[in-house]
Amino acid sequence: MKRSWFAMNRRSVPKLHAMFAVVLTLWPAFAMAQQDAVSTLRVTTRLVVLDVVVTDKKGQPITDLKPSDFEVLEDKVPQTIRSFEPPSAHALPATQMTPEQAKAEVYDPAKPANFGQTSVNILVLDQLNTHFADSSFARRQMKDYLQSQSEVLAQPTTLLVVYQDHFKLLQQFTRDRAKLLTALAKAPVNYSWEYEMKGKADNGPVTRLETTVRALQEMTQVYAPVPGRKNVIWVGGGFPSLDPESLANNDLREVQETMKHVINQLVDTRMTLYAVDPTSTAAGMTELTDFQQMAFAQLSGELSSAPVDPVDNDADFDSLSALTGGRVIRSMNNVAKQIALSVDYGTQFYTMSYSPTNKSDTATKFRNIKVICKRPDAVVTTRKGYYTGATPKDNVKQELAYDLSTAATSSQPMNGLNVTVDRNTSVAVLNDEWIIRVQAPALTWTPQEDGSSKADVTVMAVSLDKKGRPLGHLAKGGSATAKAGVNLRDASKYANFDFTAEPAAKAVKIRFVVRDNTNGRMGTFDVSLKDDRRNNEE
C-alpha cells in the first residue's frame, strides 16, 4: 500500500485547524514617529547570494581573485555582480583571546554577534542511512579528524547525529576540540532498522528521505541567524533515490514540492552540504595516499555533474549537495581526510551577489547558475541554482503543515525569527492569553500603497508532554502593519501578537511557533507551564 508523503509528515502533529485572521496589535515602538527612511524590498525583488570556492588543477584553493576575474550567468544570461567579498573577509571578530578564552567563548545561534562573518562547521553523523558497521567506522573517522585538529578550532563547530526516528544535538557550537571529542564519545552507534531491515522495501526509502530532509530543514531554522556560510559535513549514506514510478502522482508531486521548498531554505540560509560516504563495501574503493589523488578524485566527481534540476529528475541526495554548492565523496576509504578537505574548501570561498535580470516570478521555475573564473585551469564550485516564484496555491497548506510540524517536534529552538512570549497580565483578559513578540528585521515586510508595510505570519501554540510529544495545538494566521517612516531594520522594533492558547491536559509546556508566510522563516519559544503556574500562584 502506498503511503501519502504529507500524511506521514502530519503524523507528529494533528491536522491543522482552519486558518483565520487574528487581530494584531503593534508593539509601541512601531507607533513612534521616525525620520529614518524605510528600507525594504518588495517580495518580487531578489538578491542572489553566492559562496564560491575556486581551486587550481591540484585542488588547492585560489584566494587572490578580484571581481573582474569572474563572470556570473543565470540561465546563460550574464549578470552584474553587486557585491564581492574575498576569503579574507570571512573571519571571527577581531578580538585578542588566550587559547583558554577562545575555548570558553559561547557561540549561540540566537545571539550571533560572536560569530562575526566567519564560516561555521556543522558535523553530522548519519546513522539512519548507513549500515551499522559503517556507522561505527564513520564515528572512529570523525574522532580521528577531530584529534588531528588544534586544541582551539579555527571555526565554531557543532556536532549532531541523525537516528532512525529523531535528530539530536550532541554539542553546541564551540572552538574547544575537547568538548566535541567528549560529546562524540558519549554517542553510541545505533542500529538503523529502517535501513537494515526495510532497505528498499515497503515505505523504508520514503521514511528515510522524510527524516533526512526534516533534519536539514531543522538546521536551516536553528542556524538561520548565523551570518556566515554554514558548512554541513554530512558523514553517512544520505537518503536513497526514489523511483518516481513507486509513488502515486499526488505523492510524487508532494515530494517534489517539499524538496524544492527545503532546497530554497538551504540556499537562502547559506548552507552548503558536503557529504562523505563511509560505506566500506562501495564498488571501486581505492587506496588514496596523498592530497593530489584526493583532489583529483573530488574534482573528477564535480566536473561530471551537470547543472540540472534534481527534483524533476530524482529526489537525489547527491544532486541536493551539488545544488547547495557542496560535493559528495563516495568510494574513498580515508574519511577523516575527506572531512578535513571538506572543511578546508568550506572556509576558503568568495561571496558575491547579483540581482537577476529576469524579473519573472514564474512559480517553482528552476534557474540555473554558472560562475566562470577567467583564470586558466581554475575550477569553480558554487550552488547550481534556485527555485523562483510563490508556492502554488494548492501546495500552500501542505507546505505550511510540513514546516509547523517540523517546528513542533524540534529538539532545538528555531531561530529563523526572534520570538519571545509573555503572559498577558491585563486585568480584563483570560488567564490563557499571551503576548508574542517578533523582532521586526527578520520579518518580510511588503510596502503598501499608503506607505505602510505589512508582514504576514502564522502563529501556532503546541502543548507538549514531559517527553516532548505534542498533545494538541492551535494555529492562526494574521498580519502586522507598520506605519510609514518606521525603520524596520531596527532590532528594537517588534511586532506584537495577541494569542489565546489553552494548554492540553498533562501538558508540561507550550511551544509557540511563528512562521513568516513569505520566506518560511520560523522562530520558537517554549513556556514551562510548571514555572508559569507557580509564578501565577505567587
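Relative to the present Cα-Cα distance, how much length would full extension add between LEU529 and SER88 at 0.36 nm per residue of separation?
Values: separation 441, 0.36 × 441 = 158.76 nm, distance 4.74 nm.
Gain on extension, LEU529 to SER88, equals 154.0 nm.
Computed from backbone phi with θ = phi - 60° and the Karplus coefficients 6.51, -1.76 and 1.60, the 3J(HN,Hα) list for region 321-326 is 4, 5, 4, 8, x, x Hz; x is used for glycine and proline. Summary value for region 438-477: 29 percent relative contact order, contacts being C-alpha pairs under 8 angstrom separated by 6+ residues. What does a probe at ALA491 reach in region 72-107, counting residues whose amide N is under 19 Å from the point 7 Å along Cα→Cβ? Residues passing the 19 Å test: 91-95, 105-107.
When ranked by the protection proxy of mean other Cβ atoms within 10 Å per residue, highest first, what sequence do the peptides 331-340, 472-481, 54-63, 215-224 form? Mind dumping the intermediate values first?
Working: 331-340: 20.3, 472-481: 18.4, 54-63: 16.1, 215-224: 24.1.
Going from most to least packed, we get 215-224, 331-340, 472-481, 54-63.
Hand me the GluC sites (Glu not before Pro) from region 399-451 located in a DSSP loop with no more than 10 other Cβ atoms within 10 Å, in residue order please.
Working: sites: GLU399, GLU433, GLU449; in loops: GLU449.
Those that pass, being in a loop and sparsely packed, are GLU449.
Subtract the Cα-Cα distance of ALA185 and GLN147 from 0.36 nm times their separation in residues, and report this length gain in nm to one decimal.
Details: separation 38, 0.36 × 38 = 13.68 nm, distance 1.24 nm.
Working it through step by step, the gained length comes to 12.4 nm.
Anisotropy class assigned to region 77-218 is oblate, per the alpha carbon gyration tensor with a/c at or over the 1.5 cut-off and a/b no larger than b/c.
All of the numbers you see were taken from the coordinates with simple rules; none came from a lab. Owing to the predicted nature of the structure, the values given are computational and were not obtained by experimental measurement. Glycine also receives a Cβ, built like all others from the backbone with ideal geometry; neighbour counts cover every protein chain displayed.
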